[in-house]
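What follows is a single structure, written as structure tokens, with notes after it.
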């Protein structure tokens with residue numbers, strides 16, 4: 001009698017490793033014993049279910065990444081990622097957080113240098129979609145709280161994410177995410193930083209102005225308004241505190257001040 | 001474990017209440033899909049209930065919870081887990097059980113169900129319902145896991161018969177014998193997936209009718225119907241794949257009617273999870289199941305009159 005834990009282990013390995021042979025001892029139709037070989041096509045259903053469902057899950061949360069390289073390339077890339085980093089939780093909506101890092105290292109995708117940046121933006125979008133909810137602060141409430149006080153600390157929306165990219169990632173994401181054929185578009189020079197936030201039901205993606213990413217990331221890290229502004233000014237001397245603060249409020253990114 | 005309580009509603013429908021969270025009508029329901037959130041909330045269609053895959057609602061917030069909350073205010077809910085790995089050799093994931101309990105507390109489902117299958121090995125989650133041999137060892141493990149689930153969720157659960165593509169030499173009892181013994185030892189109920197019976201009967205070469213006729217019908221709390229794909233095995237014989245990617249086949253509708261004749265009217269789910277159709281198409285499948293239930297009910301009335 002083979003313990004079930006051994007059967008389960010062999011089965012799981014054979015499913016994950018497409019090259020592995022069918023685990024024994026399986027039986028074919030009507031319970032007649034087989035050498036194992038004759039249930040290959042049947043066993044392959046499991047291999048296909050596992051990989052196809054996980055590839056679908058990745059394709060659904062990285063749709064623009066997939067479009068940029070084409071379905072066939074994306075599926076091959078996703079399959080390798082799944083083999084290297086299979087899900088570790090039954091909560092599948094968390095799966096894929098390390099996919100952008102995998103894309104960076106995936107040399108066949110090297111001809112699309114911004115691919116990993118787009119993947120990071122898409123993961124931020126996905127994370128924002130499922131993040132905790134919170135009520136945004138209005139401009140009136142912020143004024144009341146004393147926005148001139150520079151030692152105030154700002155709590156940002158739990159859905160908020162910042163993606164910094166050496167490529168114009170927001171523009172690429174917007175153009176490539178549209179259905180149908182696009183007119184050729186001149187991509188802006190230099191990188192773009194994205195602010196991703198879901199104030200209510202819709203995830204919003206905006207370009208951050210110069211210094212904005214440093215500013216928001218500092219606030220997110222718990223810095224006071226003054227500290228965050230001076231960090232931003234170190235990177236971007238022309239950093240405009242009022243404009244950036246107004247941008248955060250209209251994005252619905254601020255939840256409270258204290 | 002508390003047995004299911006039953007009550008007769010105004011229209012004479014026997015309603016079951018397994019979790020203590022209100023009645024589940026013996027009507028058709030469908031899986032709640034994001035594609036249909038707006039259709040459902042705009043039109044409030046006359047459908048008995050909705051089922052959700054628990055794992056799709058384990059995020060912290062956002063549109064899934066907002067829409068589910070709105071849908072739940074209008075309809076009864078069935079909570080269907082796909083990731084607990086009840087049939088696995090290892091221990092249940094306590095964190096996952098806690099997440100399920102949080103969903104039960106928040107959404108007050110009338111039913112909770114899971115599968116006779118495993119989906120995790122060690123720390124890896126395989127995202128598929130994988131098969132197990134039916135033998136004393138796995139029977140003891142499955143029963144211990146179900147005890148743990150029912151204790152954690154404080155309700156009776158329904159265990160679903162699987163669709164499988166291979167069988168194990170280690171198997172020493174039939175699936176129906178296995179399920180019957182699980183029910184006897186744990187007090188759980190059963191979710192009878194008629195499509196899985198049809199798929200398995202074809203794949204393993206047994207009679208679907210015999211399977212249904214021997215199934216412990218008195219313990220069935222819910223029925224599933226779903227579409228399947230056709231392929232062939234290495235011998236060139238039919239290999240059916242339970243892909244939930246199309247409408248329910250006529251042969252499965254016939255088996256459904258046969259199953260209802262033994263179980264009586266039961267909450268019946270149309271499973272259509274891949275290539276999800278437009279709302280009217282899915283709703284039409286549910287109405288077809290409702291018609292079969294109504295037909296069964298009127299036959300019974302005629303017989304008893």
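The values are calculated or read from the model by the stated rules, or taken from the named source; none is laboratory data. All values derive from a computational prediction rather than experimental measurement. Cβ coordinates were reconstructed from backbone atoms using ideal geometry, including for glycine residues, and neighbour counts include every protein chain displayed.
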Subject >> Residue tally, condition within 14 Å of chain B (Cβ to nearest Cβ), assigned to a helix (DSSP H, G or I) and more than 17 Å from the chain's Cα centre (by Cα), over region A:80-101 >> reply: 2
Original post:
Condition test on residue A:44, is it under 22 Å from residue A:13 (Cβ atoms), under 14 Å from the mean Cα position of the chain (by Cα) and in a helix (DSSP H, G or I)?
Top reply: no
**OP:** Look at region B:166-192 and say how many of its residues are more than 30 Å from residue B:111 (Cα to Cα) and away from every other protein chain (no Cβ under 14 Å).
**Re:** 0
Original post:
buried (at least 17 other Cβ atoms within 10 Å of the Cβ), over 15 Å from residue B:255 (Cβ atoms), at pLDDT 95 or above and within 14 Å of chain A (Cβ to nearest Cβ) - does that describe any residue in region B:146-157?
Top reply: yes
Original post:
Limited to region B:193-202, what total is found for residues that are in contact with a strand residue (DSSP E or B) (Cβ under 6 Å, 6 or more places away or on another chain), buried (at least 22 other Cβ atoms within 10 Å of the Cβ) and within 14 Å of chain A (Cβ to nearest Cβ)?
Top reply: 1
Subject >> Cβ-Cβ under 7 Å pairs, at least 6 apart or on other chains, region B:123-135 side facing another protein chain (nearest Cβ under 7 Å), far side in a strand (DSSP E or B) and at pLDDT 95 or above >> reply: B:125/B:119; B:126/B:119; B:126/B:120; B:127/B:119; B:128/B:119; B:130/B:118; B:130/B:119; B:132/B:118
Original post:
In the set B:110, B:54, B:89, which member is at pLDDT 95 or above, within 22 Å of residue B:190 (Cα to Cα) and surrounded by fewer than 21 Cβ atoms within 10 Å (Cβ to Cβ)?
Top reply: B:89
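Can you give me the number of residues within region A:103-136 that are assigned to a helix (DSSP H, G or I) and crowded, with 19+ Cβ neighbours inside 10 Å?
Looking only at region A:103-136, we keep the residues that are assigned to a helix (DSSP H, G or I), and these are A:103-105, A:107-109, A:115-130.
Next, only the ones that are crowded, with 19+ Cβ neighbours inside 10 Å stay: A:103, A:109, A:115-130.
Going through region A:103-136 one residue at a time, the tally reaches 18.
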Original post:
Which one is surrounded by the most Cβ atoms within 10 Å (Cβ to Cβ) among residues in region A:204-215 that are in contact with a helix residue (DSSP H, G or I) (Cβ under 7 Å, 6 or more places away or on another chain) and in a helix (DSSP H, G or I)?
Top reply: A:215
**OP:** With respect to residue B:199, determine if the residue is touching a helix residue (DSSP H, G or I) at 6+ places or on another chain (Cβ under 8 Å) and part of a helix (DSSP H, G or I).
**Re:** no
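Please enumerate the residues belonging to region A:22-37 that are touching a helix residue (DSSP H, G or I) at 6+ places or on another chain (Cβ under 9 Å) and either crowded, with 18+ Cβ neighbours inside 10 Å or at pLDDT 75 or above (or both).
Step one: filter region A:22-37 for residues touching a helix residue (DSSP H, G or I) at 6+ places or on another chain (Cβ under 9 Å), giving A:22-31, A:36.
Of everything in region A:22-37, those that are touching a helix residue (DSSP H, G or I) at 6+ places or on another chain (Cβ under 9 Å) and either crowded, with 18+ Cβ neighbours inside 10 Å or at pLDDT 75 or above (or both) turn out to be A:22, A:23, A:24, A:25, A:26, A:27, A:28, A:29, A:36.
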Subject >> Lone unmet requirement of (1) over 29 Å from residue B:134 (Cβ atoms); (2) outside any strand (DSSP E or B) for residue B:50 >> reply: (2)
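Quickly run through region A:217-244 and pick out the residues that are assigned to a helix (DSSP H, G or I) and in contact with a helix residue (DSSP H, G or I) (Cβ under 8 Å, 6 or more places away or on another chain). I'd like the intermediate steps shown before the answer.
Let us first name the residues in region A:217-244 that are assigned to a helix (DSSP H, G or I), namely A:217-220, A:225-235, A:241-244.
Hits for region A:217-244 are A:218, A:219, A:225, A:227, A:228, A:229, A:231, A:232, A:234, A:235, A:241, A:244.
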**OP:** Exactly one condition in (1) modelled with pLDDT of 95 or more; (2) more than 10 Å from chain B (Cβ to nearest Cβ) is not met by residue A:56; state its number.
**Re:** (2)
**OP:** Of the conditions (1) in contact (Cβ under 8 Å) with a residue 12 or more places away in the chain; (2) more than 16 Å from the chain's Cα centre (by Cα); (3) surrounded by 14 or more Cβ atoms within 10 Å (Cβ to Cβ); (4) under 28 Å from residue B:128 (Cα atoms), residue B:254 clears all except one; give me its number.
**Re:** (1)
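For region B:35-67, name all the residues that are away from chain A (no Cβ under 14 Å) and under 24 Å from residue B:223 (Cα atoms).
In the first step, residues of region B:35-67 are kept if they are away from chain A (no Cβ under 14 Å); the result is B:36, B:39-40, B:42-51.
Those that are away from chain A (no Cβ under 14 Å) and under 24 Å from residue B:223 (Cα atoms): B:36, B:40, B:44, B:45, B:46, B:47, B:48, B:49, B:50, B:51.
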**OP:** Of the numbered conditions (1) closer than 26 Å to residue A:53 by Cα; (2) at pLDDT 95 or above, residue B:168 fails exactly one; give the number of that condition.
**Re:** (2)
Original post:
Is there a residue in region B:255-264 that is more than 14 Å from every other protein chain (Cβ to nearest Cβ) and in a loop (DSSP other than H, G, I, E, B)?
Top reply: yes
Subject >> Subset of region B:205-253 [in a helix (DSSP H, G or I) and either in contact with a helix residue (DSSP H, G or I) (Cβ under 6 Å, 6 or more places away or on another chain) or closer than 14 Å to residue B:285 by Cβ (or both)] >> reply: B:208, B:211, B:212, B:214, B:217, B:219, B:250, B:252, B:253
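So for region B:206-219 (the condition being within 11 Å of chain A (Cβ to nearest Cβ), surrounded by 17 or more Cβ atoms within 10 Å (Cβ to Cβ) and more than 30 Å from residue B:106 (Cβ to Cβ)), does at least one residue qualify?
The initial filter retains those residues of region B:206-219 that are within 11 Å of chain A (Cβ to nearest Cβ), namely B:206.
Within this subset, residues satisfying the condition of being surrounded by 17 or more Cβ atoms within 10 Å (Cβ to Cβ) are B:206.
Next, from what is left, pick out any that are more than 30 Å from residue B:106 (Cβ to Cβ): B:206.
The answer is yes, given that some residue of region B:206-219 is within 11 Å of chain A (Cβ to nearest Cβ), surrounded by 17 or more Cβ atoms within 10 Å (Cβ to Cβ) and more than 30 Å from residue B:106 (Cβ to Cβ).
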